[in-house]
Structure formats: C-alpha cells, structure tokens
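First up is the structure itself, then whatever we jot down about it.
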Protein chains: 2
Amino acid sequence: MSEEAKPSRQRSKAKAAEARREILGVAARMMREIGYADMSLRDLAAEVGMKAGSLYYHFPSKEALASEVMRLGVEMVEDAVKGELEQSSHLSARERLILAMRIHLKTLLSESDFSSAHIRCYPFVPDTVREELKAVRRAYNSVWNDIIGAYLGAAATPVQIRHLRYTLLGAMNWSLEWFNSDRDDVDTYVASIAGLLPEQE
Amino acid sequence: MSEEAKPSRQRSKAKAAEARREILGVAARMMREIGYADMSLRDLAAEVGMKAGSLYYHFPSKEALASEVMRLGVEMVEDAVKGELEQSSHLSARERLILAMRIHLKTLLSESDFSSAHIRCYPFVPDTVREELKAVRRAYNSVWNDIIGAYLGAAATPVQIRHLRYTLLGAMNWSLEWFNSDRDDVDTYVASIAGLLPEQE
DNA sequence: ACATCTACCTAACGACCGTTAGAAATAAAT
DNA sequence: ATTTATTTCTAACGGTCGTTAGGTAGATGT
C-alpha cells in the first residue's frame, strides 16, 4: 500500500529496475532461441524499445548481462527444486528424486527462459562468464548429489552418484532439443524416466 | 600401387580433395570447441595455411561447409553403430542396445569432432542448414527406434520408444558437457547407464 | 613453346558488431 | 522557476565478418 505512494525518488529507481528486468527477460529469450553470439545488442535493445547504447546504463557489458541471465537461470531451478523438496520431507528418497526431476523439467520447459538459456549457451559463452558461473553451478550440482545420494543409499560411491546425476540431468536437459508442448507432456516424460529407477531397499 | 603412378591430372585432383578434407576436419574441431557463430573463416583458413577467400574454391559458403561437417557427423556415428551391430546379430536385444550406446559414445567422445560438432552446433545453426540435415537425422533416429523397439519388445508403444530414445541419447550426448578422458571412462559410464535397463522377458 | 587448368592470394566491399562520449530529454527536488 | 538527477538517444570509433572479383604461380597438357 505504501509502495505506490512512496516519494518519487523511489518510483524512478523502480522504473530503472523494471527496465533492467525487461532487458534480462528479453536477453534470456534471445539467448535460448539464437544463442549468445548471435544475440546483437541492437536487436535486444529494439525489443525493449531502446537503442543499443542505452543498455549500458543498466549493464556494463554484454558479458555481464549474459552472466546475470545465466546466474538467474541456475538460481531459478535451484530455488524451485529446493522449495518443493522442503515441503515434501514425508516422501521417500525415490519419490523425492522423481519430484525434483519434475520440477527441474517444468522450470526448464515452461517457466524459465533463463534456465534454458543457461543450459544452451554455457558451452559457447566467453571463459570469463563461465568462470563467474562456477560457484552457482557447483551449488546446484550438490543439490542433486544430495537427492541422488539419499536415493542410492549409504553404500553409494561418489562415482555412482556422479554418473547417475549426469544420466538424469542429461536425459532432462536434452529435452530442450525435442520437447514440443503441443505433443509432449512433462509428467508423462518424467514417469518414463522414473520407470528406469528401481526402488532401493 | 597404381595409385601413386597415375597421370598427374589425378594427382592434382587428389590434392584438392585432401585440402578439402583438412578444411572439414579443422572446421569440425572449431565448431565443437567454439561453435558455428564464433568460427571465423579467417581463423579457419589460417589453421590450414590458407587465406579466407581460398576456402571458396572448395566450398560455396560457410553454411555449406558447416552443413557438410554436420552431415558427416551423423553419418559417422550411424556407420559406426550399424557396422558394429551387423557383426553382433548373436547378441540379445538388450546387449545390442548397450553395444550401440558404447559405440555412439566412443565415436562422440574420442573419434569424431564431426559428430560432437553436430550435436553442439545444431541448435544455433542457420535454418537452411538444419533443413538440410533433417533427412540424415531422421535416418539415425530410426536406427535407434529399431534397437530400442527390439529391446522393449512387441508390446512397446511408439511413445515409449521415443521417450526411451530421448532419455538414452540425452544421457549420452550430454556427456559432451562433462566427460574428461583423464578422469572418466566410456565403458564405465555405459555400464552405469546399462544398470538402469532391466532385462525384458 | 605455348596454352590450359588448378589452387591459392590480394584487396576490397558492405554490413554488422560491442562499446563510448556527450548531448538531450524527462522527471524530481528545491 | 531553476537546479539536479535519472534515463535514453545520437553519432561515431575501431574492429571483424562473410563474400567476391580479379590476379598469379606452378603444374599439366599439347
């Protein structure tokens, strides 16, 4: 309530923040669709109703913009997965794993251009950007290590965990290459993967 | 033996063919490493000891060059997988599936820059190139449909086959993002995936 | 010997790129 | 009304890109 009535100094800062968010959103979509290299700042600016130079009021460089898009992409899936898992402590380790897959896939395929932009662009983004993303990526990896470790049980070796993580994340992230929301359904595909995961004793 | 003594008209044509092959090989490696957009024809030419314009003696455009690299990439895995399967008709459907995975992965990770270039660059290559690749890609997909169909048995539905294909190809192709030949081993990873594939009755 | 063909080079064209300095516009504060 | 701060624009810089036209050195053919 007091938000809208605040002194106008705040309003203008809110305006800048909104422009920033819009730039990030458009950048995420463009990176997902055409990649980092082919995303020109002139095209990006045009889509948010600006000229290329004006973007530099909000971001110091194309690399910094892309880096933020991709960092948000990891944080979004991580928050979604962790948030859902916290509400589901009553589930079995296997059910929690399957739940995590469903959330990861839903975020990727229908909710976050940021996450899909991260996955698609990571291999070809400048080294400096990849370096900046190392920490968030490791954090998200460790989330999956926990989930999979709990599923495989105490006898699981680190390499077993790592391999299963690669297999499952590969099976999920690869969906960016084929998933068509007109034809495909996230829950059906998750069930299909889940069929490969036996109950552990 | 008569090859080296052939009239020099042949020799010169062989020279051109060799330059062509070298260009293709370097292009494949560059596409895998830095992507289609960041591969400049000047850099590519320099690596084969030419100037950029000279590439146009061998290829009509960058798109055509990339298209040929990627087409060869599919044909290489396809030939490797089909060749190995033909020599292994005595194996069970499950064993044949696992064998196909091993060959696909080996080709991808240690033998063919062409195949990995295809996988990595496909999402961001010009539409015209993707269009040209539709046929070879469909052909390779149908190879996997056959293998997986035989594994799942007569009761398998098309969507079951498709989902398992996506899962397995995703798990394999994703290895381009993490596989490190100093630390990882193809056979070990294949065994890990195979552990998820139960024997069918 | 001369002519032809092969494989490459030189030099440039026009287009687009990320980025920057400084002006202009818009809104806010006094 | 004037000053101040915020946000965007203009216009350009230096650079790289794919591509092309025309030239050239050397091998080949007659």
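FYI, it's all coordinate maths here, none of it is from the lab. Source: prediction; values computed, not measured. Virtual Cβ from ideal backbone geometry, glycine too; neighbours counted across all protein chains shown.
The table below gives the values:
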read-out	value
Lys, Arg +1 and Asp, Glu -1 on Cβ, resulting dipole of the stretch B:1-142 about Cα centre, debye, nearest 20	180
Three-way shape label, the protein assembly as shown, alpha-carbon gyration tensor, a/c 1.5	oblate
Across the identical copies, how the B:ASP184 labels are spaced - nm, sorted shortest first, 7 Å along Cα→Cβ	2.0
Choice from B:MET50, B:MET31, B:MET39 with maximal GNM fluctuation in chain B (Cα, 10 Å cutoff)	B:MET50
Most mobile of B:ALA45, B:ALA16, B:ALA80 in a GNM of chain B (Cα contacts under 10 Å)	B:ALA16
About the Cα centre, charge dipole magnitude for the protein assembly as shown (Lys/Arg +1, Asp/Glu -1 at Cβ), debye	1120
Footprinting exposure proxy for A:THR128, B:THR167, A:THR107 (fewest neighbouring C-beta atoms within 10 Å first)	A:THR128, A:THR107, B:THR167
Average beta-carbon neighbours from other chains, 10 Å sphere, peptide A:178-185	2
Fraction of the pair-distance distribution of the stretch B:5-194 above 20 Å, Cα-Cα pairs, percent	60
Highest-fluctuation residue, B:LEU91, B:LEU24, B:LEU99 considered, GNM on chain B with Cα pairs under 10 Å	B:LEU91
Shielding by partners, peptide A:157-164 (average Cβ within 10 angstrom, other chains)	3
For B:VAL48, inter-copy label distances in nm, listed shortest first [label point 7 Å out on the Cα-Cβ vector]	4.1
Relative exposure of B:VAL136, A:VAL69, judged by other C-beta atoms within 10 Å (fewest first)	B:VAL136, A:VAL69
Within chain A, longest stretch clear of exposed trypsin sites (Lys or Arg not before Pro) (DSSP loop, no more than 11 other Cβ within 10 Å)	A:52-182
Under the Karplus curve 6.51 cos²θ - 1.76 cosθ + 1.60, θ = phi - 60°, whole-Hz ³J(HN,Hα) for the stretch A:71-87, x wherever Gly or Pro sits	5, 4, x, 5, 4, 5, 5, 4, 4, 4, 5, 4, x, 5, 5, 4, 7
Backbone HN-Hα couplings from phi across the stretch A:43-53 [Karplus 6.51/-1.76/1.60, Hz, Gly and Pro as x]	5, 4, 4, 4, 6, 9, x, 10, 9, 3, x
Contact order relative to length of the stretch A:5-194, as percent, for alpha carbon pairs under 8 angstrom and 6 or more apart	24
Pairs beyond 19 Å (Cα-Cα), from B:LYS15/B:LYS51; A:LYS134/B:LYS106; A:LYS82/A:LYS106; B:LYS62/B:LYS106	A:LYS134/B:LYS106; B:LYS62/B:LYS106
